[in-house]
Amino acid sequence: MPRSTRVAALQHCATTDVSANLDIIEHLGRRARDADAEVILVPEAFAYIGPDRGKREILEPLPEGGPILARCQALARALECDLVLGGFHETGPDPEKAYNTCVHLDARGEIVAVYRKIHLFDVCLDDGTQLNESSRTAPGDALVTTTLPFGTLGLTICYDVRFPYQYQGLVDQGAIAIAVPSAFTATTGAAHWHTLLRARAIECQCYVIAPAQHGQHNSRRRSFGHSLIVDPWGDVIAEHADGDGFAVANIDPDKVSEVRRQLPSLEHRVSLS
């Protein structure tokens, strides 16, 4: 039966040094496990942020994997807990494009679920930030949920959070919590991060768990941080604002049932043409 489960949303600042990035994830993962987390969620692009040519060199196929996946699997086994790898750099459909993939590993290190990011981030901001994710990343085309001790978790990544129909679809598949591992830019994060995450939680009457990148990755890219866990009433119940660390809280399926019973907005949805 689903039960209240302690989860942690990690936060770090990835660079081009894959080994160092994974060292930090392992360190934070051990700290989160010491804080009694049974499920640990890792930010988007946790293994590498940098030039495209460097990313192409570290892509790994799934489910076979390579050294990055192997280290993550070993960590899941060592900690004896579930890991949700926020944005895994997966070999894509052709040499020019990768997938941005969220991978659920169980406590044995086995792949349970794979979600490929659907909505790709193509923007040109007034602060000079220019990102064209679709030029180097292939989109996924399917909603994905997975099962954890608290119940069903919906998988999304970063820019997906701006598209509420995806989150409603995951709720229709039984999600009581939704993961939003991210590398939100400093500009868009300051403007929209808390509002979007709280809105998705309120609309879907579910928990939202958002591990995040923070800080200055390189001369051109800075992430907002503020890893959050939001409850189904829209309250932020855990937050790690800046620096390496993690937010930790319990995901309680009874809380979801209570909110949905008191305010049955999901039952009141109508189909409009």
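The values are calculated or read from the model by the stated rules, or taken from the named source; none is laboratory data. None of these values were measured; they are calculated from a predicted model. We place every Cβ from the backbone using ideal geometry, glycine too, and count neighbours over all the protein chains shown.
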Seminar exercise, completed: Selection over the stretch 22-49 where residues are of a type in the set (Gly, Ala, Ser) and at positive phi yields a count of 1
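Here's the yes/no breakdown for (1) over 16 Å from the mean Cα position of the chain (by Cα); (2) modelled with pLDDT of 95 or more; (3) part of a loop (DSSP other than H, G, I, E, B):
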| site | (1), (2), (3) |
| --- | --- |
| Ala8 | no, yes, no |
| Gln11 | no, yes, no |
| Thr16 | yes, yes, yes |
| Ala20 | yes, yes, no |
| Ile25 | no, yes, no |
| Arg31 | yes, yes, no |
| Ala45 | no, yes, yes |
| Gly50 | yes, no, yes |
| Gly65 | yes, yes, yes |
Seminar exercise, completed: Of the listed residues (Val103, Val114), the one being over 22 Å from Thr15 (Cα atoms), β-branched (Val, Ile, Thr), in a strand (DSSP E or B) and in contact with a Cys (Cβ under 9 Å, 6 or more places away or on another chain) is Val114
Exercise. On the given criteria, is Ser19 touching a residue at least 24 places away in the same chain (Cβ under 8 Å), surrounded by fewer than 24 Cβ atoms within 10 Å (Cβ to Cβ) and on the phi < 0 side of the Ramachandran plot?
Worked result: no
Problem set entry | Members of the stretch 201-218 that are assigned to a strand (DSSP E or B) and either surrounded by 24 or more Cβ atoms within 10 Å (Cβ to Cβ) or without any contact (Cβ under 8 Å) to a residue 24 or more places away in the chain (or both) | Tyr207, Val208, Ile209, Ala210, Ala212, Gln213, His214
Exercise. Given Arg77, Arg31, Arg53, which one is among the basic types (Lys, Arg), more than 18 Å from Ala113 (Cα to Cα) and touching a residue at least 24 places away in the same chain (Cβ under 8 Å)?
Worked result: Arg31
For this session: Out of the residues in the stretch 162-200 that are of a type in the set (Val, Ile, Thr) and in contact (Cβ under 8 Å) with a residue 40 or more places away in the chain, state the one that is farthest from Thr101 (Cα to Cα).
Result: Thr187
For this session: Would you mind finding the one in Pro139, Pro149 that is in contact with a Pro (Cβ under 8 Å, 6 or more places away or on another chain), on the phi < 0 side of the Ramachandran plot, surrounded by fewer than 24 Cβ atoms within 10 Å (Cβ to Cβ) and touching a residue at least 12 places away in the same chain (Cβ under 8 Å)?
Result: Pro149
